[in-house]
Amino acid sequence: MQDMVNITFDMAWTDEKTKQLKKLWAEGHTASQIARMLGDDISRNAVIGKAHRLNLAGRTQSRMISSPRINNAQFQQKKDPVQRRTRRPRGLRAIVIEKDFEPENPVSLENLTDKTCRWPIGHPDEKDFYFCGRTPMDERIYCKLHVLHAYQPRGQRTEEAQKTVEEVPSFIQKKVKSA
């Protein structure tokens, strides 16, 4: 039984096939091509495994013929600053720039409707706990102000989103106090 453990699986690899593998490998043929050239009893994976065991040099990048590279700077057009189009902010950034936040309209849990912002203010155990009560934005459950807190822009990391949210309240507090 112990003799069975030491059996190698190189039975298909004769000295002649091994020499041919080394030659074809050095010429840059792919493992699939070498397997076809060596015969039906040799698979692509067998070629790769044998090349690995023989410590044959690893492959360089593909021999694919590519078109000459063109410097990107040739394609970049330097536009006059006046010609550059300014994009209107979209999504949450547009809300921050808009600055038009209606005053808070405190609403109790019993008086909440689909037409009131459901952002909780304070702690539910406290006597003066209420909900924002402003008009919700679009089909959301929060007003413009609280959408900034509740939704994170896609693709933005948590730390970056937190930083953005932390910067907004000081600006918003000034606006809310003046309203």
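The values are calculated or read from the model by the stated rules, or taken from the named source; none is laboratory data. Being a predicted model, the structure only gives us computed values, none of them experimental. Note that each Cβ is placed from the backbone with ideal geometry, even for glycine, and that neighbours are counted across all protein chains shown.
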(request) Tally the residues that are aliphatic (A, V, I, L, M) and surrounded by fewer than 14 Cβ atoms within 10 Å (Cβ to Cβ), restricting the search to the stretch 20-36. (result) 1
(request) Output the qualifying pairs, or none if there are none: Cβ atoms under 6 angstrom, residues six or more apart or on different chains, first residue in the stretch 21-34 and under 14 Å from GLY58 (Cβ atoms), second residue at pLDDT 90 or above and assigned to a helix (DSSP H, G or I). (result) TRP25/ALA51; ALA31/ARG44; ALA31/VAL47; ALA31/ILE48
(message) Under 9 Å between Cβ atoms, which residue pairs at least 6 apart in sequence (or on different chains) link something in the stretch 101-112 that is among the aromatic types (Phe, Trp, Tyr) with a partner that is buried (at least 16 other Cβ atoms within 10 Å of the Cβ)?
(response) PHE101/ILE95; PHE101/ARG134; PHE101/CYS143; PHE101/LYS144; PHE101/LEU145; PHE101/ILE172
(request) Return the total of residues in the stretch 120-137 being surrounded by 16 or more Cβ atoms within 10 Å (Cβ to Cβ), more than 15 Å from HIS149 (Cβ to Cβ) and touching a Cys at 6+ places or on another chain (Cβ under 7 Å). (result) 1
(message) I want to confirm something. Restricting to the stretch 131-168 and keeping residues that are at pLDDT 65 or above and β-branched (Val, Ile, Thr), which single residue is farthest from the chain's Cα centre (by Cα)?
(response) THR135
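Across the stretch 104-119, what is the number of residues that are assigned to a loop (DSSP other than H, G, I, E, B) and loosely packed, with under 10 Cβ neighbours inside 10 Å?
Within the stretch 104-119, residues that are assigned to a loop (DSSP other than H, G, I, E, B) and loosely packed, with under 10 Cβ neighbours inside 10 Å number 3.
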